[in-house]
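Report on the following structure.
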Amino acid sequence: MDAMTTNRPRVLVILHNLDDNLNEMAGPLAEAGIDLVTWDVVRDVASTPAIADLGNFDGVISLGAHAGVLEEAENPWMSHERQIMEWALATETPLLGLCFGSQLLASAAGGQVYKSETAELGWTRVAMTEAAKADPVLSTLGENPDVFHFHYDTFDLPESAELLGETNGIKQAFRVGNKAWGTQFHIEIGLSQQLSWLTSYRQDFEAEGLSIEDQVRQTHERWIAHRDRSWAMGRAFAEQVLAQAATRL
């Protein structure tokens with residue numbers, strides 16, 4: 001990966017699948033003057049960031065993935081990404097894990113990941129905890145956000161984590177230490193990606209007893225509020241990145 005040539009803040013965005021990118025959340029980060037450096041773990045092996053070079057980054061975002069933490073042995077990139085997360089936790093560099101990213105974060109911090117008894121796909125309402133109200137990043141989501149899911153795995157919270165949101169006993173959002181956050185839901189995806197997933201993965205949704213027509217209706221009703229939450233959370237995470245960058249410059 002190219003060495004840093006400017007003093008602008010930079011975030012490493014870890015991409016696992018072509019249809020699971022930063023989407024709406026890219027906007028508020030770029031708006032804040034942060035450079036987004038994407039590493040595609042499968043298709044861009046030559047640009048795999050060396051652990052020794054991670055000090056060039058002021059934040060890390062790990063996106064969703066088709067692969068799960070339980071399949072780490074079959075996906076060599078996952079062990080390297082785990083090391084990146086361990087570095088971020090050790091250095092208190094702002095870290096955000098979304099869906100798969102939250103599961104790997106939980107595992108890197110000492111939690112156990114396993115198959116959930118209940119898969120979560122499509123729209124779900126999350127009950128944010130009292131602790132979330134004071135959180136500098138996830139407080140932006142409000143008390144009961146409607147969010148979009150696509151996951152089959154869940155996890156036990158690490159001892160160092162604080163629960164920030166749940167749905168029917170399923171852990172949805174948490175913070176590890178002071179600078180690492182995870183959400184099981186895809187707060188980053190926007191209208192076009194939501195509709196695309198409902199089309200591309202129709203059989204997965206229907207296998208869980210969900211009506212595609214109903215999910216599409218909910219998407220049209222909720223996408224604006226979802227987008228606004230995504231931008232608000234993105235701006236809050238950007239503030240964490242900018243504060244980190246100020247300690248480096």
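The values are calculated or read from the model by the stated rules, or taken from the named source; none is laboratory data. Just so we're clear, the structure is a prediction, and the values are computed from it rather than from any experiment. Note: ideal-geometry Cβ built from the backbone for every residue, glycine included; neighbour counts use all protein chains shown.
Kindly indicate whether residue 201 is surrounded by fewer than 19 Cβ atoms within 10 Å (Cβ to Cβ) and within 16 Å of the chain's Cα centre (by Cα).
no
May I ask you to list the residues in segment 132-146 that are in contact with a helix residue (DSSP H, G or I) (Cβ under 7 Å, 6 or more places away or on another chain) and either closer than 16 Å to residue 116 by Cβ or in a helix (DSSP H, G or I) (or both)?
132, 133, 138, 139, 140, 141
Looking only at residues in segment 168-184 that are in a loop (DSSP other than H, G, I, E, B) and closer than 17 Å to residue 113 by Cβ, which one is modelled with the highest pLDDT?
Across segment 168-184, the extreme among qualifying residues is 184.
Looking at (1) farther than 26 Å from residue 143 by Cα; (2) under 18 Å from the mean Cα position of the chain (by Cα); (3) not aromatic (Phe, Trp, Tyr), which one does residue 229 not meet, given that it meets all the others?
(1)
Conditions: (1) within 17 Å of the chain's Cα centre (by Cα); (2) under 30 Å from residue 112 (Cβ atoms); (3) surrounded by 16 or more Cβ atoms within 10 Å (Cβ to Cβ). Residue 24 meets all but one. Number of the miss?
Single failed check for residue 24: (2).
Could you list, in sequence order, all residues of segment 195-242 that are touching a residue at least 60 places away in the same chain (Cβ under 8 Å), in a helix (DSSP H, G or I) and aliphatic (A, V, I, L, M)?
Matches in segment 195-242: 198, 225, 232, 233, 236, 238, 241, 242.
Name, by its number, the condition in (1) over 21 Å from residue 237 (Cα atoms); (2) β-branched (Val, Ile, Thr); (3) part of a strand (DSSP E or B) that does not hold for residue 14.
For residue 14, the exception is condition (1).
Please specify each residue of segment 154-166 satisfying the condition of being surrounded by fewer than 19 Cβ atoms within 10 Å (Cβ to Cβ), in a strand (DSSP E or B) and either in contact (Cβ under 8 Å) with a residue 60 or more places away in the chain or not acidic (Asp, Glu) (or both).
The answer is 163, and nothing else.
Listed residues 36, 29, 18; which is under 22 Å from residue 230 (Cβ atoms), of a type in the set (A, V, I, L, M, F, W, C) and surrounded by 21 or more Cβ atoms within 10 Å (Cβ to Cβ)? Before the answer, list the steps.
Values: 36 fails: surrounded by 21 or more Cβ atoms within 10 Å (Cβ to Cβ); 18 fails: surrounded by 21 or more Cβ atoms within 10 Å (Cβ to Cβ).
The unique qualifying residue is 29.
If you go through segment 98-131, how many residues are assigned to a helix (DSSP H, G or I) and not hydrophobic (A, V, I, L, M, F, W, C)?
5
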